[in-house]
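The structure appears right after this line, and notes come after that.
The values are calculated or read from the model by the stated rules, or taken from the named source; none is laboratory data. This one's a predicted model, so the numbers in the text were calculated from it and none came from an experiment. Quick reminder, even Gly has a Cβ in these numbers, built from the backbone with ideal geometry, and neighbours come from all protein chains shown.
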Amino acid sequence: MQLEKLTFESIIANVIDALPQHIQEKILNAEMVIDREAKPEHLLGSGLTNTDELLGISEIIPSDDKYGFGDLIPSRIILFQDSITNKCDSHEEITTIISEELENHFLTINSR
């Protein structure tokens, strides 16, 4: 399913509004980037071999300071629009995938 970037951004905004408050607060501290597709270097460490499979990545920093104390939070989240929309047949599926991606970024990071 193909979408205009503004429509995709609107779906992301709606997803963020529907997330639990504690995740919303952390997302507001992260830079949100939308790229059309992943680059081969984005696959490093992901265990994936095809850029079409990668839906998003996050770059993390310690929340207190750069020395590693405190909770880890994404400083930048990159969502790959084509990878997400190519997996979906409806806006509802896109919404579900984006929600899962954003929640997974925080669950994975906070479980470290």
How many residues of segment 50-70 are modelled with pLDDT under 90 and exposed (fewer than 13 other Cβ atoms within 10 Å of the Cβ)? The answer is 8
Restricting segment 76-107 to residues that are hydrophobic (A, V, I, L, M, F, W, C) and in a helix (DSSP H, G or I), the one farthest from Glu37 (Cα to Cα) turns out to be Leu107
Within segment 1-53, residues in contact (Cβ under 8 Å) with a residue 60 or more places away in the chain and β-branched (Val, Ile, Thr) come out as Ile11, Ile12, Val15, Ile16, Ile23, Ile27
Residue hits (segment 94-108; touching a residue at least 12 places away in the same chain (Cβ under 8 Å) and of a type outside the set (Gly, Ala, Ser)) are Ile94, Thr95, Ile97, Ile98, Glu101, Leu102, Glu103, His105, Phe106
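For segment 1-36, enumerate the residues that are of a type in the set (Asp, Glu), under 13 Å from the mean Cα position of the chain (by Cα) and assigned to a loop (DSSP other than H, G, I, E, B).
Across segment 1-36, there are no qualifying residues.
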